[in-house]
Amino acid sequence: SVDHSRIVDRPAALRALNGGIPTLYVPCDVTMGAWLMSHHVDRLREGDELCRALALRISGSFDPEIIVGIAKAGVIPGVVVASILQRDFASMAVTRQESDRRPTLVTAPPPSVRGRRVLVVDETCDSGDTLKLAASTIKELRPSGVKTAVSFKTGAYEPDFYALATESFIILPWDRDV
């Protein structure tokens, strides 16, 4: 079962994220002080709120045993949701060499998904090609169930869970050039 007090208790959720500042968000060539001074903290809080909203939606109807983030962008919301829901986290990598090409598997999901309820998380979802490839690859390992979730639903494909539906092009702080 999910500890709902962790989901609605923002300070506890932030403490679970390395003192409120996930280190994955910090560009490697910028010092922490300079990065914080550039106002990314407010953007991180917005990202945290989206992940909290996503975790709440998930916990209402699905109790995953492991969360698999699709690298690279899906790792950030995946690890935050896993932390909020107090679940195991793993990653797999799917890439698309060009925007008009089909995605390809780079790194397979871990064998530990076998027999477990799995939630596959990515940052955005437009056509659903990446989520479909990730979910079908996971299903080959025979989990007891697979659901999909994204922070932003930007197209016609319907993941099982999403925090925000929009037709806007999404550029998050960690996607910006330094």
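Looking only at the stretch 108-119, filter to residues that are farther than 18 Å from Pro77 by Cβ and out of contact with any Pro (no Cβ under 8 Å at 6 or more places or on another chain); which one of those is surrounded by the fewest Cβ atoms within 10 Å (Cβ to Cβ)?
Selected residue: Pro111.
Look at the stretch 59-73 and say how many of its residues are open to solvent by less than 40 Å² (accessible area, probe 1.4 Å), at pLDDT below 95 and more than 18 Å from Thr137 (Cβ to Cβ).
1
Checking Ser136 against (1) outside any loop (DSSP other than H, G, I, E, B); (2) small (Gly, Ala, Ser); (3) surrounded by 13 or more Cβ atoms within 10 Å (Cβ to Cβ); (4) more than 15 Å from the chain's Cα centre (by Cα): exactly one of these is not met. Which one?
The single condition Ser136 does not satisfy is (3).
Looking at the stretch 111-123, which of the residues that are touching a helix residue (DSSP H, G or I) at 6+ places or on another chain (Cβ under 9 Å) and either assigned to a loop (DSSP other than H, G, I, E, B) or among the β-branched types (Val, Ile, Thr) (or both) is farthest from Glu167 (Cα to Cα)?
The selected residue is Val113.
Please state which one of Asp122, Asp126 is of a type outside the set (Phe, Trp, Tyr), open to solvent by 50 Å² or more (accessible area, probe 1.4 Å) and touching a Ser or Thr at 6+ places or on another chain (Cβ under 7 Å).
Unique residue meeting the criteria: Asp126.
Which of (1) under 19 Å from Ile76 (Cα atoms); (2) loosely packed, with under 13 Cβ neighbours inside 10 Å; (3) without any contact (Cβ under 8 Å) to a residue 12 or more places away in the chain is the odd one out, the single condition Thr95 does not satisfy?
For Thr95, the failing item is (2).
If you go through the stretch 79-92 one residue at a time, do you hit one that is closer than 28 Å to Glu49 by Cβ, open to solvent by 50 Å² or more (accessible area, probe 1.4 Å) and part of a loop (DSSP other than H, G, I, E, B)?
Scanning the stretch 79-92, I find at least one residue that is closer than 28 Å to Glu49 by Cβ, open to solvent by 50 Å² or more (accessible area, probe 1.4 Å) and part of a loop (DSSP other than H, G, I, E, B), so the answer is yes.
I need a count of the residues in the stretch 106-132 that are more than 17 Å from Lys153 (Cβ to Cβ) and either touching a Lys or Arg at 6+ places or on another chain (Cβ under 8 Å) or not hydrophobic (A, V, I, L, M, F, W, C) (or both).
10
The values are calculated or read from the model by the stated rules, or taken from the named source; none is laboratory data. Bear in mind the structure is a predicted one, so any value in this text is a computation, not a measurement. Ideal geometry is used to build each Cβ from the backbone, glycine not excepted, and the neighbour counts take in all protein chains shown. Each accessible area value is taken on the protein alone, full model and side chains, heavy atoms only, with ligands, DNA and RNA left out. Shrake-Rupley method; radii C 1.70, N 1.55, O 1.52, S 1.80 Å.
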